[in-house]
1. Which members of the range 148-162 meet the condition of being charged (D, E, K, R) and surrounded by fewer than 13 Cβ atoms within 10 Å (Cβ to Cβ)?
2. Can you go through 191, 204 and tell me which one is among the aliphatic types (A, V, I, L, M), touching a residue at least 40 places away in the same chain (Cβ under 8 Å) and under 20 Å from residue 240 (Cβ atoms)?
3. For the range 176-221, how many residues are among the acidic types (Asp, Glu) and in a helix (DSSP H, G or I)?
4. Would the range 138-160 turn up any residue that is in contact with a helix residue (DSSP H, G or I) (Cβ under 9 Å, 6 or more places away or on another chain), under 23 Å from residue 205 (Cβ atoms) and part of a helix (DSSP H, G or I)?
5. Can you tell me which residue within the range 204-215, out of those that are surrounded by fewer than 23 Cβ atoms within 10 Å (Cβ to Cβ) and out of contact with any Pro (no Cβ under 6 Å at 6 or more places or on another chain), is nearest to residue 56 (Cα to Cα)?
6. Please verify whether residue 147 is farther than 30 Å from residue 196 by Cα, touching a residue at least 40 places away in the same chain (Cβ under 8 Å) and not charged (D, E, K, R), treating the condition exactly as stated.
7. Restricting to the range 21-44, count the residues that are surrounded by fewer than 18 Cβ atoms within 10 Å (Cβ to Cβ) and touching a residue at least 24 places away in the same chain (Cβ under 8 Å).
8. Regarding the range 233-246, can at least one residue be identified that is at positive phi and polar (S, T, N, Q)?
Amino acid sequence: MLWRGTAAFLEAQGYRPILVSWAPREGQGAAEVAEKVIVPLIDAALSEAGFSKVDGFHLVAHSLGGLISRHLLEQAGPDSTDWNQRVRSLTMLSTPHHGARTGLAAFACHHFRDRRWRAVACDMRPRSDFLRGLGTRRSSELAVPYLSIGVESPAPFLLVPLFDGDGDGRPRGNDNTVMAESSALAGAPFALWRGWSESDHFTASCSSVVNDWIVQFVRSGELPQPSTKRLSSSNICDGLPRDVDGAAGSGDR
């Protein structure tokens with residue numbers, strides 16, 4: 001359901017979106033999920049779609065998926081698939097590089113109803129060992145281009161202090177789950193979407209503006225112009241089936 005709008009948008013632009021559904025096992029942290037769950041699933045999905053082990057692809061990731069993608073590109077061990085030669089770009093939507101600072105991750109770490117997700121929620125807390133290892137700067141040794149998109153909801157339900165993640169002196173709010181500027185990553189372009197609709201943590205992928213940005217970046221490396229004021233956009237998920245879920249990747253055209 002999360003990526004149904006993006007998948008349809010990419011397909012209309014001539015790309016072949018491949019969506020991968022996943023869940024951790026109880027006790028698995030983010031690094032273990034990355035190497036033992038995500039890698040086999042994506043390898044299998046690419047193979048089933050007819051891609052060889054050397055074909056390139058683009059990654060589009062949401063929230064924790066962006067952190068997992070960074071781990072695989074920047075820190076994965078020798079037993080993991082070497083994606084550095086295959087991944088053409090990484091686009092991350094509402095990925096908390098500075099941690100999920102609204103307090104929801106800290107709550108979910110101990111109290112989330114589905115225990116499978118508790119360990120990865122712990123890893124999304126600010127200053128967790130996993131986030132300390134990744135850091136808040138893009139690896140300068142990595143050739144894969146990154147784009148990070150932050151989302152600010154118009155009227156956050158969560159009353160938490162504003163956060164300045166990109167260091168411009170202008171702190172922002174949140175998307176009802178993740179601080180908008182927690183998505184800022186030093187050494188990589190950052191674009192802030194400040195919308196009136198389709199703008200919270202789980203519906204931003206239905207925004208026509210966000211998906212325009214994704215396609216621009218995937219197609220030509222063009223960087224979006226961030227929102228300086230709140231703007232509405234069309235909901236491209238209207239009329240689409242709601243049974244599409246997972247983390248989106250896009251094969252080359």
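1. Taking the range 148-162 and keeping what is charged (D, E, K, R), we get 152.
Across the range 148-162, there are no qualifying residues.
2. On the way: 191 fails: under 20 Å from residue 240 (Cβ atoms).
Of the residues listed, the single one that is among the aliphatic types (A, V, I, L, M), touching a residue at least 40 places away in the same chain (Cβ under 8 Å) and under 20 Å from residue 240 (Cβ atoms) is 204.
3. First, pick out the residues of the range 176-221 that are among the acidic types (Asp, Glu): 181, 198, 200, 212.
Still in the running and in a helix (DSSP H, G or I): 181, 212.
Of the residues in that region, 2 qualify.
4. Within the range 138-160, not a single residue is in contact with a helix residue (DSSP H, G or I) (Cβ under 9 Å, 6 or more places away or on another chain), under 23 Å from residue 205 (Cβ atoms) and part of a helix (DSSP H, G or I).
5. So in the range 204-215, the residues surrounded by fewer than 23 Cβ atoms within 10 Å (Cβ to Cβ) come out as 208-209, 212-213, 215.
Next, only the ones that are out of contact with any Pro (no Cβ under 6 Å at 6 or more places or on another chain) stay: 208-209, 212, 215.
Values: 208: 26, 209: 26, 212: 22, 215: 16 Å.
In this case the residue turns out to be 215.
6. Numbers: farther than 30 Å from residue 196 by Cα: no; touching a residue at least 40 places away in the same chain (Cβ under 8 Å): yes; not charged (D, E, K, R): yes.
Here the answer is no, as residue 147 does not meet what is asked.
7. 8
8. Taking the range 233-246 as the starting set, the residues that turn out to be at positive phi are 239, 246.
Subsequent filtering for residues that are polar (S, T, N, Q) retains none.
No: the range 233-246 contains no residue that is at positive phi and polar (S, T, N, Q).
Taken together, the values in this text are just the output of simple stated rules run on the coordinates, not laboratory data. Note that this is a predicted model, so its numbers are computed, not measured. Here Cβ is always computed from backbone atoms with ideal geometry, including for glycine, and neighbour counts include all displayed protein chains.
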